[in-house]
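Below is one structure, written out as structure tokens; the observations come after it.
No lab work stands behind these numbers, since they all come straight from the coordinates. As the structure is a prediction and not an experimental result, all values here were calculated from the model. Using ideal geometry, Cβ is built from the backbone for each residue, glycine included, and neighbour counts are taken over all protein chains shown.
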Amino acid sequence: MKDRYGRVIDYLRVSVTDRCNLRCIYCMPEEGIPYIEHSAILRLEEIQKLVELIHQALNLRKIRVTGGEPLVRRGVVSLVKAISPLAETVMTTNGVLLSEFASDLRAAGLSRVNISLDSLKDDVIRKVTRRDVTLSSIERAIESAMRSGLTPVKVNCVVLKGVNTGELADMVGWAEDIGVTMRFIEHMPMTGSACSYVPGNDILKEISVDFGEVRKTATVGTADIYTTPSGIEFGLIAPVAGGMCASCTRLRLTAEGELLPCLAGGVSLDLRDMLRSGAEDLEMVKAVHELVARKPHHGACGGVSMWRIGG
Ligand code: SAM
Ligand code: SF4
């Protein structure tokens, strides 16, 4: 279905939990997230039912399973198995538990994974995640994803001034060496996050110092693809500086069953309430159509929490 600005809304991001085994400084407060009643979180069968309804409404092209950390949700593999026949199903994960699940996820129909990694230095990774995560543990997760066929693997790095600036070019080289694609994400000033933003142009400048001037060669979804003079590709996602709203085809379903047409907040639809109060399927499909019709042209980032809406 097209929204009123002509964008085809066919990509659903599903947050399967608000819990996480890390506490990234740009995403969650150190003490963790506010307590949410277990009963407020959708059961797996409810997530499945809502994804099916949204698919019925929009004929989804892609479903991204995210979180919090999706792999801490018990039963996530069976959820993937249930929804992957509907549309290409992918996952964003911090990688900590991925080696344990990669082959089961592949067998369940997951196509590929994006793995978050913000530095090549163990002390910086620990500082950012506030947990004992190391580069070698994430490299093992990447290897297991590649071995299981969850490819191409993309590695997401949130760029933080004075934290991982200075090693962005090294990350591009590292990714090329191990056969994954680096994607740099501008830090968005969300609730619970206290970090310094680096504009996309500065990210490109830093990489160009080592590799020579990079040039934009494509746009894939909300990511601009840049290529170094030696032919290495990497992605830049610039929600703050860039105009990615124009190509946004997404809806987001939170772990509590709220459907959001925009990361920046605004209008939303409480599908959990509709489902639990016995709404007819057609009524819910109609409500999804109405929400898509109200998707804002663009949004100003801030005021919402990434762990809640899944990035
Ligand atoms: N836990 C998983 C992970 O970290 O990959 C999935 C959920 S996480 C919220 C999804 C993505 O959002 C991650 O790539 C993370 O780096 C990104 N993210 C979180 N907070 C952010 C922020 N304030 N600005 C930009 N990206 C952010
Ligand atoms: Fe957890 Fe992902 Fe947020 Fe980090 S970015 S705290 S791994 S949900």
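Structure notes:
- Most simply put, the chain has about 35% antiparallel DSSP beta bridges, counting only bridges with both residues inside it.
- Around residue 266: net Lys/Arg minus Asp/Glu count, Cβ-Cβ under 10 Å: +2
- Peptides 10-18, 29-37 ordered by average Cβ neighbours within 10 Å, highest first: 10-18, 29-37
- The distance from the alpha carbon centre of segment 101-134 to that of segment 1-55 is 19 Å, rounded to a whole number.
- Residues 187, 297, ranked from the fewest to the most other C-beta atoms within 10 Å, line up as 297, 187.
- Positive contributions from Lys and Arg (+1) and negative ones from Asp and Glu (-1), summed over other residues with Cβ under 15 Å from the Cβ of residue 76, come out at +2.
- Net charge of neighbours whose Cβ lies under 15 Å from the Cβ of residue 103, counting Lys and Arg as +1 and Asp and Glu as -1: +2
- Estimated vicinal HN-Hα couplings, Hz - segment 30-36 in sequence order (Karplus 6.51, -1.76, 1.60; Gly, Pro = x): 4, 7, x, 8, x, 5, 10
- When you restrict to C-alpha pairs under 8 Å that are six or more residues apart and normalise by the size of segment 11-309, the relative contact order lands at 21 percent.
- The chain: DSSP helices with Cα axial extent of at least 15 Å and average Kyte-Doolittle hydropathy no lower than -1.0: 44-58, 135-148, 168-178, 200-211, 281-293
- When the trypsin sites (Lys or Arg not before Pro) in segment 145-183 are filtered for DSSP coil states and for at most 15 other beta-carbon atoms within 10 Å of their beta-carbon, the remaining sites are 161.
- Contact order, relative form, for segment 1-68: 61 percent (alpha carbon pairs under 8 Å, 6 or more residues apart, mean separation divided by residue count).
- Helix-only [θ]222 nm of the chain, DSSP H runs n ≥ 4, -39500 (n - 2.57) each, per residue, nearest 500: -9500 deg cm²/dmol
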